[in-house]
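Q: Attaching a single structure in structure tokens format; questions to follow.
The values are calculated or read from the model by the stated rules, or taken from the named source; none is laboratory data. Note that the structure is a prediction, hence the values are computed from the model and not measured. Ideal geometry is used to build each Cβ from the backbone, glycine not excepted, and the neighbour counts take in all protein chains shown.
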Amino acid sequence: MAPGGFVQCLCYLCVGDELAINEHRTFLSSITGELVLRATRRLKSGMLRDVYGPLVLASGSPRRRELLAQAGLNFEVAPSQVSELATTSLSMAELTTYNATRKAVDIARLRRDAVVLGADTLVSLEGKTIGKPADWREALQILQRLRGREHQVCTAVFLFAPRRKLAISFYVISHVRFRPLNDTQIRAYLAKVNPLDKAGAYAAQRDGAEIIAEIRGSYTNVVGLPMDETIRALRKFGIKPAARTPRDQSAGSRQQISSLLPSGSSKKNA
């Protein structure tokens, strides 16, 4: 189904090099309560005729703020105070979707006039999810586990316009391969980056070339918000970037981390 074929509440499923769209009504309704989606006919047109409301980011993440700002989007920030669920009984995609939904719904109760964006990012290694480290010791242990191996990064996004009772949800999975680091290199990296507020204890956009060898899939997804998919979904709410921005790496593509760093990065870190 093409992106213009949204009906009721849909979930993008972007895994590896596949992009599919799947109805996700039951799961989302169980979280948001009686979520009645009344904009089906207008969604089928592929573009809404009016703006559903101001965009509100239900996250305090500076990375997500930067990505939205770089895309030329006008938005407000209202960080959700709900605690993120951490459990091994759900898959990485299910858990990030659940957390993203709770964040958006939490703020939507206060901002019924807005389009609220909730997001959540997790790392997975061999099927086991990895969130934010509790302390520096755990951060060191996480990077020791990731070194020389490939892991997955999943970011789920939940967009909710409560006044119109419209919701769109999707998640994106990227594959990241770390360099074969030694403990000295890991400690040197941790000395530069605060890992405690980052899933997987690292930041691709901050000296990422020192630890990352390759990213397959969306780079901005690894940073914290898959921008191609997010902008595409926001257009369904009549929200468009004010400026044209470079496209993100498409799902399934391979690229060395050096070519993904901002132009202002030093050559040594590229």
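Q: Under 8 Å between Cβ atoms, which residue pairs at least 6 apart in sequence (or on different chains) link something in region 135-155 that is at positive phi with a partner that is loosely packed, with under 14 Cβ neighbours inside 10 Å?
A: From residues that are at positive phi, the pairs are Gly148/Pro180.
Q: Just one of (1) surrounded by 15 or more Cβ atoms within 10 Å (Cβ to Cβ); (2) modelled with pLDDT of 50 or more; (3) not in a loop (DSSP other than H, G, I, E, B) trips up Ala69, so point out which.
A: Answer for Ala69: the failing condition is (1).
Q: Ok, one more. Output the residues belonging to region 163-196 that are in a helix (DSSP H, G or I), within 20 Å of the chain's Cα centre (by Cα) and either crowded, with 16+ Cβ neighbours inside 10 Å or of a type in the set (D, E, K, R) (or both).
A: If the condition is that a residue be in a helix (DSSP H, G or I), within 20 Å of the chain's Cα centre (by Cα) and either crowded, with 16+ Cβ neighbours inside 10 Å or of a type in the set (D, E, K, R) (or both), then Pro195 is the only one that fits.
Q: Please go through region 133-162 and pick out each residue that is touching a Phe, Trp or Tyr at 6+ places or on another chain (Cβ under 9 Å) and surrounded by 18 or more Cβ atoms within 10 Å (Cβ to Cβ). Give the derivation first.
A: Step one: filter region 133-162 for residues touching a Phe, Trp or Tyr at 6+ places or on another chain (Cβ under 9 Å), giving 139, 142-143, 146-151, 154-159, 161.
Across region 133-162, the qualifying residues are Ala139, Ile142, Leu143, Leu146, His151, Cys154, Thr155, Ala156, Val157, Phe158, Leu159, Ala161.
Q: Counting just the residues of region 97-132 that are touching a residue at least 40 places away in the same chain (Cβ under 8 Å) and assigned to a loop (DSSP other than H, G, I, E, B), which one comes out surrounded by the most Cβ atoms within 10 Å (Cβ to Cβ)?
A: Quick first cut of region 97-132, residues touching a residue at least 40 places away in the same chain (Cβ under 8 Å) only: 97-109, 111-119, 121-123, 128-132.
After this cut, where a residue has to be assigned to a loop (DSSP other than H, G, I, E, B) as well, the list is 109, 111-114, 131-132.
Details: Arg109: 9, Arg111: 19, Arg112: 13, Asp113: 13, Ala114: 23, Gly131: 20, Lys132: 19.
It comes out as Ala114.
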